[in-house]
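For reference, the structure discussed in these notes is given below.
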Amino acid sequence: MELTQAMQGRRSIRGYKPDPVPRALLEDIIALASRAPSSMNTQPWHFHVLTGAPLEAVRKGNSERMLAGVPPQREIPDHGAYEGVHRDRQVGIAKQLFAAMGIARDDKERRQDWVMRGFRQFDAPVSVVVTFDKSVENQGTIGHFDLGAVTYGLVLAAWDRGLGTVINGQGIMQSPVVREHAQIPEDQVIMTCVAMGWPDETFEANGVVSTRRSVEDTARFVGFDE
């Protein structure tokens, strides 16, 4: 697949076939993603690739704790409540997804089920937990920037090979559960996770394509001839 095709065609996948993903394919995807740039070539990232019983244990623990009202426990600061145009975009994609799934505004049961899908990592056969070395925490958010780059590389490489993904902060909201079942060392910080698998083309939300801001809206060009 051409890079332009992958970047233009990639979308978040929230419904998956149960078919397993071969380990060799996942290793290939991670090797390609690891070509991402990082500050001073520090490459502070790690990938913990879960499937089978460990992933099911994470799903169960996340769901039980959230339903019991246990406050989220992330290892990086949460984004909090969005406001203004950022809130508008958040609401906009939610409306697109609910419309695709036929979930009415007053259907509290189905809306709750949709939220819980996130804590179950959308029932994908694979979850990649992305962490960074705790030793770079004193460098501010540089490690966060590096992990953003490598995670985008991960989802593009997966899409290029026919796999769907969704970058999923809900999946690590209960980080102690993830740390236990993924056996993540104490010298690493959990950043996010990526649900991954073969897209279920019958799942309506998989067809949703989010709108994007135009170049005119996002970019300024200084010093160029008109």
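The values are calculated or read from the model by the stated rules, or taken from the named source; none is laboratory data. None of the values given here were measured: they were computed from a predicted structure. Glycine gets a Cβ as well: all are built from the backbone with ideal geometry, and neighbour counts include every protein chain shown.
Things to note:
- Residue within the stretch 89-104 that is of a type in the set (F, W, Y), outside any loop (DSSP other than H, G, I, E, B) and touching a helix residue (DSSP H, G or I) at 6+ places or on another chain (Cβ under 6 Å) present: no
- For the stretch 30-88, the set of residues classified as of a type outside the set (G, A, S), assigned to a helix (DSSP H, G or I), within 20 Å of L147 (Cβ to Cβ) and under 17 Å from the mean Cα position of the chain (by Cα) consists of I30, V58, listed by residue number.
- Annotation note: of V129, V155, the sole residue that is surrounded by 22 or more Cβ atoms within 10 Å (Cβ to Cβ), at negative phi, within 15 Å of the chain's Cα centre (by Cα) and in a helix (DSSP H, G or I) is V155.
- M66 being in contact with a helix residue (DSSP H, G or I) (Cβ under 8 Å, 6 or more places away or on another chain) and either hydrophobic (A, V, I, L, M, F, W, C) or in contact (Cβ under 8 Å) with a residue 24 or more places away in the chain (or both): yes
- The set of residues in the stretch 159-174 being under 17 Å from N206 (Cα atoms) and within 10 Å of the chain's Cα centre (by Cα) consists of T165, V166, I167, N168.
- Failed item in (1) of a type outside the set (S, T, Y); (2) within 30 Å of D28 (Cβ to Cβ); (3) crowded, with 16+ Cβ neighbours inside 10 Å, with F145 passing the rest: (3)
- Test: V136 is modelled with pLDDT of 95 or more, of a type in the set (V, I, T) and either buried (at least 16 other Cβ atoms within 10 Å of the Cβ) or closer than 29 Å to S39 by Cβ (or both): no
- Within the stretch 158-216, the set of residues being surrounded by fewer than 17 Cβ atoms within 10 Å (Cβ to Cβ), touching a residue at least 24 places away in the same chain (Cβ under 8 Å) and not in a loop (DSSP other than H, G, I, E, B) comprises G169, P176, E180, E204, G207.
- Of all the residues in the stretch 105-125, those that are within 24 Å of W198 (Cα to Cα) and outside any helix (DSSP H, G or I) number 3.
- Against the list (1) modelled with pLDDT under 95; (2) over 23 Å from P44 (Cβ atoms), the condition F122 fails is (1).
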